[in-house]
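Input: a single structure, listed below in C-alpha cells.
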Amino acid sequence: MTTARMLRETDAADYLGLAPKTLARWRWAGKGPAFHKLGSAVRYSVQELDLYISGATVER
C-alpha cells in the first residue's frame, strides 16, 4: 500500500500558486481539486493536485 503525501490548505495553495481563500471558496462552491476531510482538517493529496493541474490545461 502506498501513502499519498497530504498537504494542508496553505501548502496546497502555495503548490498551486493560489491564495488559501481561493481553495476555501472553491470547496464551498463544489469545484476545484479533490480534497479530504479528516475531522475538521482539510487536506489535499499532491497526486490529486497534479491531476487537477493536468486537467486545467487550455489549448488554443
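Shown for the chain: the carbon plus sulfur share of the solvent-accessible area, taken with all protein chains present and a 1.4 angstrom probe, equals 52%.
Solvent exposure of the chain, expressed per residue, is 78 Å² of accessible area, with all protein chains present and a 1.4 angstrom probe.
The values are calculated or read from the model by the stated rules, or taken from the named source; none is laboratory data. Just so it is clear, the model here is predicted, and its values are computed rather than measured. Ligands, DNA and RNA are excluded from the accessible area calculation, which covers all protein heavy atoms including side chains. Shrake-Rupley method; radii C 1.70, N 1.55, O 1.52, S 1.80 Å.
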